[in-house]
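Please read the structure below before turning to the comments.
The values are calculated or read from the model by the stated rules, or taken from the named source; none is laboratory data. What you see is a predicted model; the values in this text were computed from it and never measured. Neighbour counts run over all protein chains shown; Cβ positions are idealised from the backbone, glycine included.
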Amino acid sequence: MDGTTEQKLHLGKHNGLKVFKHLTKSNDQLQTIQLISYKKTNSEDSSKSSSAENRSCMSVDNQPYGCNIRKQETNPQAVELPNIALRPGHSVRTDHSVNYLHDVNLTSSKETKAFRTKQNKVKNNNLLSDRKENVENKQDQNGDKTSKFSTKLKVPNLIRNRTADSNIPQARNTLSNRPGHERTTKGGKALAKTSVTRAERRDVTHRHVLDQPTHHKLELCDFVEQDIIGGDEVRTMGFGPTKITYLDYVASGRPLRSIENFIRQHVMPNYANTHTEVSYYAAQTTKFREEAREIIKESVHATENDAVIFCGSGSTSAFHKVIHAMDLKKSTYMLSPIVLLGPYEHHSNILPWIEIKAKVIHIKQTHEGLINLQHLEQELKDIQDGPKRTIIGSFSAASNVTGILTDTVAISKMMHKYGGLAFFDFACAAPYVEIDMNCVQDGPDAYKDAIFISTHKFLGGPQTPGILIAKKWVFRNQVPHGVGGGTVVFVRRQNHKYYAEPEHREEGGTPAIIESIRAGLVFKLKDTFTSQFIMERETEYFQQALSAWSKHPDLLILGCIKVERLPIFSLLFRNPHTGRLLHHDFVALVLNQLFGLQVRSGCACAALYGLELMGMSEEVAQRYEKFITESNRTADREKNSESNIESYDGLDNIIFKPGFVRLNLPFFASAKCINFIKKAILLMADHGWKLLPLFDFERKTGKWWYREEQTFQPDKSLKDINFTKGFSCMKSSSSQERYKDTNTPIFKRFPGLDYDEIIERATYILNDVSKPNQYDLSDQTLEYKGDADELRWFMLPSEAADIIHQREKEHQNEILSKTNDREEWRKKIDRSCVVPQWSSRTKDR
């Protein structure tokens, strides 16, 4: 055509296809760009594309930027894109926004329609080959198209059409935008809205994950175990170099190299503040963050009526957020709300309600340790007879002490039956169980009004925000919680308007951007495993540990063991000679020093539940409270007389505070790791008390330490970092050097670099401390008289030393009675009284 020029530019290659750019320029100065990829015909030709061209037009996953790569069923030889018209004077804007969280969303210029390309990032070769076969067999005889979800299911009547007379409130249970509910198409049009069961919906949403054989998920477990940052750490503890095993996932998860590498390589280079999408960096960052929100919504089966809000650093912030959202603090002209709490609530689910002057009712537990639904219903009936008040039921989905699971569906139905709101604390349960905000298959009243999630407890979750997921009708506040930038639509001198959408108005200021993106990734990892697989592994490990530990007479497992629960164990260790318990801080320290096990000691921020589990009445608890806080009670009251607050610092008897040792068994751990944990706990239960003379404690603070180290201190410090000449880290003396040229225990020379070595070394040490030693410990019982002796529930180091000496004395008398030759008796005594090297350092004891 006259006045028209054409130019063909080679851009690169994609999966064996050449990618060209056709540039057509006509007389009217309208430029048209068309991208076509031709099938590769010669391997030599494909290798001739220059590296510079590839670098300029290829993304990190070898996808050409600006290309919508679609599979053409009619003509697989070429892939053709829509024409992008550019007006005179406008430059070609190539959108480099490659989304690794969900899919790719490429938008052309304003003169053309937007188009999306779905990209599956599954790296498993078997899954890729399976999908290719499904695509080839995708067409039916009539030419109708069906999405990959329903094509792969091959389950008849999986998605049922919602009947016209359905009694499910549309405002509360609309599923139109939920993944898996409009996936089946006919002629390019979506079918009617559907409702499916929870398991079926999960199948639809994550069919590509569920299709994976079990051995693939087991391989993923092995990968994750090796992918943990610090998972292969070896530290020199009190008894030598020891491999670290982390068992405190109930408190916080561990970071993963793969997630952190992705964030460092793909998120941080494109990082910018949100609240704008004009610049590339800001647009890409905003896109990542909103994608994370969508991943979480999809994981918990949220609808358009549910708001996902990132807040703070855990579920505690989510509790405060929802309290402010309901305007409970400012309801001065209304009666205070009534809050019903479960028997095993975290302090974060108790204290906020108390501080807003709510009437708190604690629901009892059954003999099995479950929430007593009969008591709950009776309390709700009694509330109905009184004045009208806001009724809230706030329950833990799982106990962070025992792992006992809650029937959230039954509680939701009951709360809604009596006009209440159903809140659930998923801080402990979320990393393992399936979360369903709506539970449509269980009835119209089975939905949850709000849930609280601590994402940092997930695998890979450190440095993630807390998450509040709530129905939008819960947000009654006119002023957002934490007003600031990003919450307002318009501000003028005399007035301002806030956004109506909770997800905008409740995230004021610069949010935790990278943390939110990380949260989406850890949810994606959980959904890759699937809750079903995780719970199967959790149940298996729980039963293995239970069969090994429940038979030990001096190892007490708190909570009922006959109900469904997560593999969370809260343990008490009892000494058979004195009948007293081993102090929980001492047990945790020995498990750390001897076995490298990272566990938690104390009350796990669930003191009320702990008192119930340990059988401590309110009267006994008051005695302990008075004894622990008595020393500074008067001074502290005078100090805080103006504020009417009782707070206690500088306590003298904190050692008397009851507690337990908590650990959990990771679902991704290997069988060898689980066997090691079982053996370590049994050794501690059998012989742990024998190590007491090697440790000391401070009555005032309750801290324990290994005598050879004097005080237990981490050996890394931020003070070692220097930015004077760029960046340098002056490493402090290593833990190996701390024991150099000192009279240290001989068994420190035995490394524990793997599980077998640790058990072998521990057996040697525990056998060694059973021999007579020069402990030189004064009688510590003399320091505990009166109430101190009556309230002392833990065993003292001097008591353990006396028992060891007494047992050795009895052993010597037994030898003497059986031996008449005095010289032979001396030789036997000498052989049985080999004093370990560490016993010579007694002058500072």
Cβ-Cβ under 7 Å pairs, at least 6 apart or on other chains, the range 220-244 side over 25 Å from Gln463 (Cα atoms), far side acidic (Asp, Glu) and at pLDDT below 95: Gly238/Glu708; Gly238/Glu709
With the checklist (1) touching a residue at least 40 places away in the same chain (Cβ under 8 Å); (2) part of a loop (DSSP other than H, G, I, E, B); (3) over 15 Å from Lys297 (Cβ atoms) in hand, flag the one item Asn438 doesn't pass. (3)
Quick check: anything in the range 456-465 of a type in the set (Val, Ile, Thr), in contact with a Lys or Arg (Cβ under 8 Å, 6 or more places away or on another chain) and at pLDDT 95 or above? yes
Could you identify the single residue in Thr236, Thr245, Thr205 that is more than 21 Å from Pro666 (Cβ to Cβ) and either at pLDDT 95 or above or crowded, with 20+ Cβ neighbours inside 10 Å (or both)? Thr205
Examine the range 419-427 for a residue that is among the hydrophobic types (A, V, I, L, M, F, W, C), modelled with pLDDT of 95 or more and surrounded by fewer than 21 Cβ atoms within 10 Å (Cβ to Cβ), and state whether such a residue exists. no
Subset of the range 443-460 (residues that are in contact with a strand residue (DSSP E or B) (Cβ under 8 Å, 6 or more places away or on another chain) and either part of a loop (DSSP other than H, G, I, E, B) or of a type in the set (Ser, Thr, Tyr) (or both)): Tyr447, Lys448, Asp449, Ser454, Thr455, Leu459, Gly460
Among strands (runs of 3 or more DSSP E) lying entirely in the range 660-708, which contain 2 or more residues that are crowded, with 22+ Cβ neighbours inside 10 Å? 660-664
Tell me which of these Arg254 doesn't satisfy, since it passes every other one: (1) under 27 Å from Asn400 (Cβ atoms); (2) in a helix (DSSP H, G or I); (3) of a type in the set (D, E, K, R). (2)
Enumerate the pairs (first residue in the range 550-568 and more than 16 Å from Leu613 (Cα to Cα); second residue anywhere and aliphatic (A, V, I, L, M) and at pLDDT 95 or above) with beta-carbon separation below 6 Å, excluding pairs fewer than 6 apart on the same chain, so at least 6 apart or on different chains. His552/Ala685; Asp554/Ala685; Glu564/Leu405; Leu566/Ala398; Pro567/Leu665
Could you check how many residues of the range 716-748 are at pLDDT below 50, exposed (fewer than 14 other Cβ atoms within 10 Å of the Cβ) and out of contact with any helix residue (DSSP H, G or I) (no Cβ under 9 Å at 6 or more places or on another chain)? 7
Quick one: in the range 390-418, which of the residues that are of a type in the set (Val, Ile, Thr) and either part of a loop (DSSP other than H, G, I, E, B) or in contact with an Asp or Glu (Cβ under 6 Å, 6 or more places away or on another chain) (or both) is modelled with the lowest pLDDT? Thr390
Return a yes/no flag: does the range 327-339 have any residue that is buried (at least 19 other Cβ atoms within 10 Å of the Cβ) and either modelled with pLDDT under 90 or closer than 30 Å to Thr276 by Cβ (or both). yes
Being farther than 30 Å from His347 by Cβ, of a type outside the set (Asp, Glu) and touching a residue at least 24 places away in the same chain (Cβ under 8 Å): is that true of His301 here? no
List every residue pair whose Cβ atoms sit under 6 Å apart, with the two residues 6 or more apart in sequence or on different chains, where the first one lies in the range 394-413 and is touching a residue at least 12 places away in the same chain (Cβ under 8 Å) and among the β-branched types (Val, Ile, Thr) and the second, anywhere, is part of a helix (DSSP H, G or I) and surrounded by fewer than 24 Cβ atoms within 10 Å (Cβ to Cβ). Val409/Asp442
Looking at this structure, is Lys357 of a type outside the set (Gly, Ala, Ser), without any contact (Cβ under 8 Å) to a residue 60 or more places away in the chain and either in contact with a helix residue (DSSP H, G or I) (Cβ under 8 Å, 6 or more places away or on another chain) or assigned to a loop (DSSP other than H, G, I, E, B) (or both)? yes
Select, from Glu377, Glu298, the only residue that is surrounded by fewer than 23 Cβ atoms within 10 Å (Cβ to Cβ), under 24 Å from Val409 (Cα atoms) and under 23 Å from the mean Cα position of the chain (by Cα). Glu298
Out of Phe533, Phe529, sole residue that is over 22 Å from Glu294 (Cα atoms) and surrounded by 15 or more Cβ atoms within 10 Å (Cβ to Cβ): Phe533
Quick one: how many residues across the range 464-496 are buried (at least 24 other Cβ atoms within 10 Å of the Cβ) and of a type in the set (Ser, Thr, Tyr)? 1
Specify the residue that is modelled with the highest pLDDT; the eligible residues are those in the range 469-480 that are in contact with a Pro (Cβ under 9 Å, 6 or more places away or on another chain) and outside any helix (DSSP H, G or I). Ala470
Quick check: is even one residue across the range 275-284 buried (at least 22 other Cβ atoms within 10 Å of the Cβ) and either touching a residue at least 24 places away in the same chain (Cβ under 8 Å) or not in a loop (DSSP other than H, G, I, E, B) (or both)? yes
Options Ala398, Ala430, Ala410: the member that is more than 19 Å from Ala607 (Cα to Cα) and touching a strand residue (DSSP E or B) at 6+ places or on another chain (Cβ under 7 Å): Ala430
Out of Pro751, Pro658, I need the residue that is at pLDDT 85 or above, over 30 Å from Leu525 (Cα atoms) and under 33 Å from the mean Cα position of the chain (by Cα). Which one? Pro658
Restricting the range 445-463 to residues that are polar (S, T, N, Q) and buried (at least 24 other Cβ atoms within 10 Å of the Cβ), which is nearest to Val322 (Cα to Cα)? Ser454
